[in-house]
Structure formats: C-alpha cells, structure tokens
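Participant: My structure is below; once you've seen it, I'll send some questions.
The values are calculated or read from the model by the stated rules, or taken from the named source; none is laboratory data. Small disclaimer: the values here were computed from a predicted structure and weren't measured. No Cβ is skipped: glycine too gets one built from the backbone with ideal geometry, and neighbour counts run over all protein chains shown.
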Amino acid sequence: MKVTQEDLDKVAVLSRLSIPAEESGKYIGQLDKFLTYVENLKAVDTENVKPTTYALPIQNVFREDVVKPSLDRELALSNAPLKEDGYFKVPRVLEE
Amino acid sequence: MRLYDKPAHVLHDMLVKKEITSVELTKDVISRIDEVEDDVKAYLSQTRDEALKQAEAADARIAKGEEISFLEGIPGAIKDNICTKGITTTCASKILEHFVPPYNATVMEKLQKEHPVILGKANMDEFAMGGSTENSAYYPTHNPWNTECVPGGSSGGSAAAVAAGTAIWALGSDTGGSIRQPASFCGVVGLKPTYGRVSRYGLVAYASSLDQIGPLTRDVTDCAHVLNVIAGLDEMDSTSSAAAVPDYTKSLVEDVKGLKIGLPKEYFTEGMDPDVEKAVREAIGKFKEMGAEVIDISLPHTDYAISTYYLIAPAEAATNLERYDGVSYGERVDGADVVELMTNTRSAKFGEEVKRRIMIGNYALSAGYYDAYYLKALKVRTLVQQDYTEAFQKVDVIMAPTAPTPAFKIGEMIADPLQMYLQDICTVPLNLAGLPGISIPCGYSSKHMPIGLQIIGKALDEATILRAAYTYEQSQNFRNEMAQLGGKN
C-alpha cells in the first residue's frame, strides 16, 4: 500500500471532507489502486515537453471595459442558505 | 398517429405544412413520458405547464404565417448541469438540490431565440462524473433498449430521453465522453464539438479545460441543426473560439469519395467486445465501398490517456468544486465555525464519486506530488495532442469505436471505480486534444444493444465529421428503429 491513513486524512482536510472511520479503508484502497495505475506515466519521456493546460491556443482575451447590467443583488443572494441585510451570513470567523 | 418517434426535421416540416400543431406534438411526447418514464427515469424535473405554453406560442406564430426556426415548437430536454433561469438545476447532486439559477447559460439564451419547447432537466452522473448515470444522487436512469442496462453517462438522461421518445432532441455535456458514450449505448447521435466551439457560460464546471456542451439527437440532420443554434463566440466565455461558424446543414450531403479515414490500432483494444469490433469494422468497410480511403495509423500515447485524463480532470474538479462551501448558494449543514460548516456541508451533500475525484485531484495537486502527477499529466497531454496533429497530416478523419462494449448492466461496474474509468479509453483522448467527435449508431450486439461508431475530426472541422456521419447514416436504417424498452416487458 502506497497510500496511508495519514495521506487520506491530509487530503480530506485539503478537500474539506470528513471521511468516517468505517469508510476510510475503502477510499484508501481505491486511491491506492488508482495511483498504482497512473504510475504508467513514468514510462513516458517528457523531457523537453511543454505542459498543455488548454487545447486551443487562446491567450489574453480582451473585451471593451464598459459598464453593463449585472445580476441584481437580491437575485444574486436568492440561493444563499443564510443572508442578512444584503450579505451572505456565516458563523463568526474572527475572534473578538 | 404518434409523433414522439420522429426526428426534429420531419416534425419541423409537418409544423410548417400545418399537418400537426406543436401542442399536439408536445402532448404526444408528454403521453410518451407518462407511458415509459417510470421505467426509464430520464428526467430529474419536468416543466410540463411551461412546455405547453411554449407550444401554444409556437402554434400562434405558425398560425399567423410567420416563418419558424428549426427547433420552434419541438420538445427537447436539457442536461441538469446547464443553468436554466428559474428552473431548478441540481447537477444530480444533493448539494444543489434547491438551486434555482438566477441566469441562463449562453446555450439557453441561444435556444430561446428559436422558441423550442423545453420538457425538463435530464438526469446525469453527479457533476458529470461517471459513465453510467448511476452516480446521480437521485436515481439511476435505465437504458431504453434494455432497462436492466445503464444508458451510459454522464449525459445518460439526455441520451435515454431521445432514445425512448420522451424528448425529440437534447443537450448534454462531454468532458471525457459524456455525450458520445451514452449516445453509443442508447443508439442515438451525439456530438462533442471542438473545445471552444460552444460557450461554456452557465455550464456548471467540472473540468474547465475539457468540458463542452453538445447535441444528442435522433439523426445527423437534427445534430447539424442543433449545433447551428448553440455554436459561436461568447464574450462571457473567454475560452470560446472566435472562428467563424459555418452552416452545418451544408454538411448534410452524401459524399465521402476520396475521404481519407485513419484507423488507429490503439483504439481497437484487447478488452474490446467482439460485437463492437465487428460492427465498427463493417461500418468502415461500408465507407470504403462508398469511395473513402482507409489508412492504418498509430496514436502511440493512447495508452496513457486514461491516466492523463484522470489526473487532470479531478485536479480541475477539485478546484472548481471548492465553490460548494455552504455560503453563497447550495445546501448548508451548520458547524461550530466556518471550516466545520464547509466540511459538514460537503461531507453530507457530495456523493461518493465526487468525493473520490476531489480527493484524487487534491492529492495530485498537493505539495510533493504536483510535479509527479499533475505536471506530468499536462506534459503527456501535449504528446496525446501531438499524436493527433501528426495523424491529421495524413488523414481527414479518424474512426474508432465510441466505447469498447455495448451498455453494461446496472450495478455491474459501480463497485470498481478504476474499471469504470478504463471504459473511457476511446473517448477521453479527444477531450485532452480538444477535438470534435461524433458517435452514430452502426449496429447492434448479439443481444440487440446499440453500438456506436466514433468519427473524430480536426479542430473546428465539425463540418467534415458531420458529412461523413450523414453519408453513412443515409446508407443504413438504424435511425428508423426506436428503442422498445426491452428487458422488462
């Protein structure tokens, strides 16, 4: 096994997910099997190969900087789970 | 006379000639939904009242003698990851169970100018992650040809609706095969346009460098018409292409004389179902008979495409899905502080496959692993793309199976995620390279399940693959057979 419980815990924190103890074995096994499979990329010589992030050669797309109507605030907040006075509401972030 | 079993272009002509009304047509498709939807489960939500109003409006325009556009008054379905203003858009996820988009995706704005009838939102794998629609957080969709089988995915609801006659046309999205593979499994036509050909604005992002919206239709003629409606530059999507959009219906001509077809040996894999290989090779033989030239080619990095895709797509997904934090929209599960709130929300509301891909993505992007996994995958992506560039110097199109097997049974593969990923071998390389591809029916398995032929084109050359697809389709009768909801009755 390449993937340890510690690896899973770390990646779960990065992902803002909590994995119940009874499910962690399954995820570790699946992640391990996956990472073992993708090892096949090691066989590919990528010396001097540039990475591709987008398939089309599109760069720096500009448009005129003009004011246009945008989403109304009420509408933008219409799906918020909790809101107050035109703001999204969350538990206290900063200590007093 | 039933109408649900006819393609859009036939229905359009009947509407123009006033042989039918849009209300009659819409009611007939709704009756079809009543007859078969319990067995198929293609829809997540239906908008029947609104659909009938749209049909009445179309009829009023026809009665006034106005010239109508192609999709006017013709009922279709929209994959539930495409934002529809005022209509719940869930992505088949619990985290967006009550999400009502305050705006339309660009494709919806473009469609609305055509005045189609929208019947509802189609089921899918949660956040488009999957190839069977079993990852829907609500219920799986069943294949109309055999309801014990999957319809493919992730656009399984869109493909099943078109195949079952519960929609005349549909929109789907394709990140690694999610239009083409369900089209193949359900015996319909599905096209993934070139990356950038169709605006992604308002398409809920899964993997932004790979996602494309495209049509699922009964035949190639309808496909060309729907592509005409949705293609084009959009200032709201900076990755959309400024290239001129040709009239794709000009491709609806029977002509493959001298067309150079590349046959990549790597796409005819060891695990391929013999029925699939036979049907695809027969189809290619037919092209030869019709005057095309078949050339054996090699795309040597195909073997690495699955690894490359399943590192890049989850990495992009991990980033894209960070927005589901229980704060600005979507569901919220409370916690003592903000981090706990986010963790509780995501843990309770994301499904298993989504969690798996987010974790794979974050693993591949994390310190110490970034170069070995993510960056490595981006470099191999360059090589996959170069394979095609070289091949397209010798050939006009590339042909291959869409999927290595016909539709598999529900539950057959869901327990083994890697096994499921390996099924995408014929479809993911195109997304990595940004190329267009179409799946068209080319035969049946021994159990009478549909098989798809995939035609791959050069970037922005949808016109040639549509012409090849149309020419083949006209030589066959697959488009005239509707799914009979086997397996159960």
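Participant: If I filter segment B:316-324 for residues that are touching a residue at least 12 places away in the same chain (Cβ under 8 Å), crowded, with 16+ Cβ neighbours inside 10 Å and small (Gly, Ala, Ser), do I get at least one hit?
Facilitator: Of all residues in segment B:316-324, those touching a residue at least 12 places away in the same chain (Cβ under 8 Å) come to B:316-321, B:324.
In the following step, the residues that additionally are crowded, with 16+ Cβ neighbours inside 10 Å were identified as B:316-321, B:324.
From what's left, small (Gly, Ala, Ser): B:317-318.
Yes; the residues of segment B:316-324 include at least one that is touching a residue at least 12 places away in the same chain (Cβ under 8 Å), crowded, with 16+ Cβ neighbours inside 10 Å and small (Gly, Ala, Ser).
Participant: With the condition kept exactly as written, say whether any residue in segment B:13-23 is among the charged types (D, E, K, R) and within 21 Å of B:ASN123 (Cβ to Cβ).
Facilitator: Kept after step one, since they are among the charged types (D, E, K, R), are these residues of segment B:13-23: B:13, B:17-19.
Then keep just the ones that are within 21 Å of B:ASN123 (Cβ to Cβ); that gives none.
No: zero hits.
Participant: Something else now. How many residues are surrounded by fewer than 18 Cβ atoms within 10 Å (Cβ to Cβ), of a type outside the set (Asp, Glu), more than 25 Å from the chain's Cα centre (by Cα) and assigned to a loop (DSSP other than H, G, I, E, B) when one looks only at segment B:250-269?
Facilitator: Selection size over segment B:250-269: 2.
Participant: Looking at segment B:421-433, is at least one residue buried (at least 24 other Cβ atoms within 10 Å of the Cβ), touching a residue at least 60 places away in the same chain (Cβ under 8 Å) and touching a His at 6+ places or on another chain (Cβ under 9 Å)?
Facilitator: yes
Participant: Another question, if that's okay. State yes or no: is B:VAL327 aliphatic (A, V, I, L, M), in contact with a strand residue (DSSP E or B) (Cβ under 9 Å, 6 or more places away or on another chain), assigned to a loop (DSSP other than H, G, I, E, B) and outside the structural domain of B:MET129 (by TED's automatic domain parsing)?
Facilitator: Values: aliphatic (A, V, I, L, M): yes; in contact with a strand residue (DSSP E or B) (Cβ under 9 Å, 6 or more places away or on another chain): yes; assigned to a loop (DSSP other than H, G, I, E, B): yes; outside the structural domain of B:MET129 (by TED's automatic domain parsing): yes.
Answer is yes for this residue.
Participant: Determine which member of the set B:ASN81, B:ASN104 is polar (S, T, N, Q), surrounded by 21 or more Cβ atoms within 10 Å (Cβ to Cβ) and touching a helix residue (DSSP H, G or I) at 6+ places or on another chain (Cβ under 9 Å).
Facilitator: Values: B:ASN104 fails: surrounded by 21 or more Cβ atoms within 10 Å (Cβ to Cβ).
The match here is B:ASN81.
Participant: Let me ask something else about it. For segment B:469-487, which residues satisfy the criterion of being out of contact with any Leu (no Cβ under 6 Å at 6 or more places or on another chain) and either hydrophobic (A, V, I, L, M, F, W, C) or closer than 14 Å to B:PRO7 by Cβ (or both)?
Facilitator: Result: B:ALA469, B:GLU473, B:GLN474, B:ASN477, B:PHE478, B:ARG479, B:ASN480, B:GLU481, B:MET482, B:ALA483, B:LEU485.
Residue by residue, here is whether (1) buried (at least 24 other Cβ atoms within 10 Å of the Cβ); (2) under 22 Å from B:VAL428 (Cα atoms) holds:
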position: B:VAL100; (1), (2): no, no
position: B:MET108; (1), (2): no, no
position: B:THR133; (1), (2): yes, yes
position: B:TYR139; (1), (2): no, no
position: B:ALA161; (1), (2): yes, no
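Participant: How about segment B:285-323: which of its residues are of a type in the set (A, V, I, L, M, F, W, C) and within 12 Å of another protein chain (Cβ to nearest Cβ)? Break it down into steps so the answer makes sense when it comes.
Facilitator: If we filter segment B:285-323 for residues that are of a type in the set (A, V, I, L, M, F, W, C), which is where we start, we get B:287, B:290, B:292, B:294-295, B:297, B:299, B:305-306, B:311-313, B:315, B:317-318, B:321.
B:ALA305, B:ILE306, B:LEU311, B:ILE312, B:ALA315, B:ALA317, B:ALA318, B:LEU321, listed by residue number.
Here's the yes/no breakdown for (1) within 14 Å of chain A (Cβ to nearest Cβ); (2) hydrophobic (A, V, I, L, M, F, W, C):
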| site | (1), (2) |
| --- | --- |
| B:LEU383 | yes, yes |
| B:GLN386 | yes, no |
| B:THR389 | yes, no |
| B:VAL397 | no, yes |
| B:ALA400 | no, yes |
| B:PRO406 | no, no |
| B:GLY411 | no, no |
| B:MET420 | yes, yes |
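Participant: Being touching a helix residue (DSSP H, G or I) at 6+ places or on another chain (Cβ under 7 Å) and not charged (D, E, K, R) is the filter here; which residues of segment A:13-29 pass it? Please lay out each step first, then the result.
Facilitator: Step one: of segment A:13-29, the residues touching a helix residue (DSSP H, G or I) at 6+ places or on another chain (Cβ under 7 Å) are A:14-19, A:24, A:27-28.
Selection gives A:LEU14, A:SER15, A:LEU17, A:SER18, A:ILE19, A:SER24, A:TYR27, A:ILE28.
Participant: If you check B:SER241 against the conditions, is it in contact with an Asp or Glu (Cβ under 6 Å, 6 or more places away or on another chain) and in a loop (DSSP other than H, G, I, E, B)?
Facilitator: Details: in contact with an Asp or Glu (Cβ under 6 Å, 6 or more places away or on another chain): no; in a loop (DSSP other than H, G, I, E, B): yes.
In short, no.
Participant: Please determine whether any residue of segment B:72-81 is modelled with pLDDT of 95 or more, more than 12 Å from B:HIS115 (Cβ to Cβ), small (Gly, Ala, Ser) and assigned by TED's automatic domain parsing to the domain that holds B:PHE127.
Facilitator: Scanning segment B:72-81 turns up at least one residue that is modelled with pLDDT of 95 or more, more than 12 Å from B:HIS115 (Cβ to Cβ), small (Gly, Ala, Ser) and assigned by TED's automatic domain parsing to the domain that holds B:PHE127.
Participant: From the list B:GLY153, B:GLY214, B:GLY157, exactly one residue is in a loop (DSSP other than H, G, I, E, B) and either charged (D, E, K, R) or buried (at least 24 other Cβ atoms within 10 Å of the Cβ) (or both). Which is it? Steps first, please.
Facilitator: Details: B:GLY214 fails: in a loop (DSSP other than H, G, I, E, B); B:GLY157 fails: in a loop (DSSP other than H, G, I, E, B).
So the residue among B:GLY153, B:GLY214, B:GLY157 that is in a loop (DSSP other than H, G, I, E, B) and either charged (D, E, K, R) or buried (at least 24 other Cβ atoms within 10 Å of the Cβ) (or both) is B:GLY153.
Participant: Give me the residue from segment B:325-344 that is within 9 Å of chain A (Cβ to nearest Cβ) and touching a helix residue (DSSP H, G or I) at 6+ places or on another chain (Cβ under 7 Å) and, out of that set, surrounded by the fewest Cβ atoms within 10 Å (Cβ to Cβ). First the steps, then the outcome.
Facilitator: First, the residues of segment B:325-344 that are within 9 Å of chain A (Cβ to nearest Cβ): B:325-332, B:334-344.
Still in the running and touching a helix residue (DSSP H, G or I) at 6+ places or on another chain (Cβ under 7 Å): B:325-326, B:330-332, B:334-335.
Details: B:ASP325: 20, B:GLY326: 26, B:GLY330: 24, B:GLU331: 18, B:ARG332: 20, B:ASP334: 12, B:GLY335: 16.
Taking the candidates together, the pick is B:ASP334.
Participant: State yes or no: is A:VAL93 facing chain B (nearest Cβ under 9 Å), surrounded by 15 or more Cβ atoms within 10 Å (Cβ to Cβ), among the β-branched types (Val, Ile, Thr) and over 27 Å from B:THR239 (Cα atoms)? I'd like the intermediate steps shown before the answer.
Facilitator: Values: facing chain B (nearest Cβ under 9 Å): yes; surrounded by 15 or more Cβ atoms within 10 Å (Cβ to Cβ): no; among the β-branched types (Val, Ile, Thr): yes; over 27 Å from B:THR239 (Cα atoms): yes.
Judged against the criteria, A:VAL93 is not a match.
Participant: Sticking with this structure for a sec: Can you name the condition, by its number, that B:LEU233 falls short on among (1) hydrophobic (A, V, I, L, M, F, W, C); (2) within 16 Å of B:LEU171 (Cβ to Cβ); (3) within 14 Å of chain A (Cβ to nearest Cβ)?
Facilitator: Going through the list (1) hydrophobic (A, V, I, L, M, F, W, C); (2) within 16 Å of B:LEU171 (Cβ to Cβ); (3) within 14 Å of chain A (Cβ to nearest Cβ), B:LEU233 breaks only (2).
Participant: Let me confirm something: among B:LEU375, B:LEU365, which residue is farther than 22 Å from B:ARG281 by Cα, more than 8 Å from chain A (Cβ to nearest Cβ) and surrounded by fewer than 21 Cβ atoms within 10 Å (Cβ to Cβ)?
Facilitator: Values: B:LEU375 fails: more than 8 Å from chain A (Cβ to nearest Cβ).
From the options B:LEU375, B:LEU365, the qualifying one is B:LEU365.
Participant: Let me ask another. Being at pLDDT 95 or above and either touching a Cys at 6+ places or on another chain (Cβ under 9 Å) or in a loop (DSSP other than H, G, I, E, B) (or both) is true for just one of B:SER173, B:SER132. Which residue is that? Give the steps one after another, and end with the answer.
Facilitator: On the way: B:SER173 fails: either touching a Cys at 6+ places or on another chain (Cβ under 9 Å) or in a loop (DSSP other than H, G, I, E, B) (or both).
Checking each option against the conditions leaves just B:SER132.
Participant: In addition: Tally up the residues in segment B:22-72 that are in contact (Cβ under 8 Å) with a residue 12 or more places away in the chain and in a loop (DSSP other than H, G, I, E, B), please.
Facilitator: 8
Participant: OK, next. For the subset of segment A:12-54 comprising residues that are among the acidic types (Asp, Glu) and surrounded by fewer than 14 Cβ atoms within 10 Å (Cβ to Cβ), which member is nearest to B:LEU418 (Cα to Cα)? Before the answer, list the steps.
Facilitator: Of the residues in segment A:12-54, the ones among the acidic types (Asp, Glu) are A:22-23, A:32, A:39, A:45, A:47.
Now drop any that are not surrounded by fewer than 14 Cβ atoms within 10 Å (Cβ to Cβ), which leaves A:22-23, A:39, A:45, A:47.
Numbers: A:GLU22: 21, A:GLU23: 18, A:GLU39: 13, A:ASP45: 24, A:GLU47: 28 Å.
Step by step, filter segment A:12-54, then rank; the result is A:GLU39.
Participant: Further question: Evaluate the following for B:LYS41: is it in the same structural domain as B:LEU111 (by TED's automatic domain parsing), surrounded by fewer than 18 Cβ atoms within 10 Å (Cβ to Cβ) and not small (Gly, Ala, Ser)?
Facilitator: Taking the combined requirement at face value, the residue does not satisfy it.
Participant: Keeping to segment A:36-85, report how many residues are more than 27 Å from B:ALA372 (Cβ to Cβ), at the interface with another protein chain (Cβ under 7 Å from one of its Cβ atoms) and either touching a residue at least 24 places away in the same chain (Cβ under 8 Å) or in contact with a Leu (Cβ under 8 Å, 6 or more places away or on another chain) (or both).
Facilitator: Looking only at that region, the number is 0.
Participant: Find all pairs meeting these conditions: Cβ atoms under 9 angstrom apart; at least six residues apart or on different chains; first residue within segment B:332-343 and more than 21 Å from B:PHE99 (Cβ to Cβ) and at pLDDT 95 or above; second residue part of a helix (DSSP H, G or I) and of a type in the set (A, V, I, L, M, F, W, C).
Facilitator: Taking only residues 6 or more apart or on different chains, not a single pair turns up.
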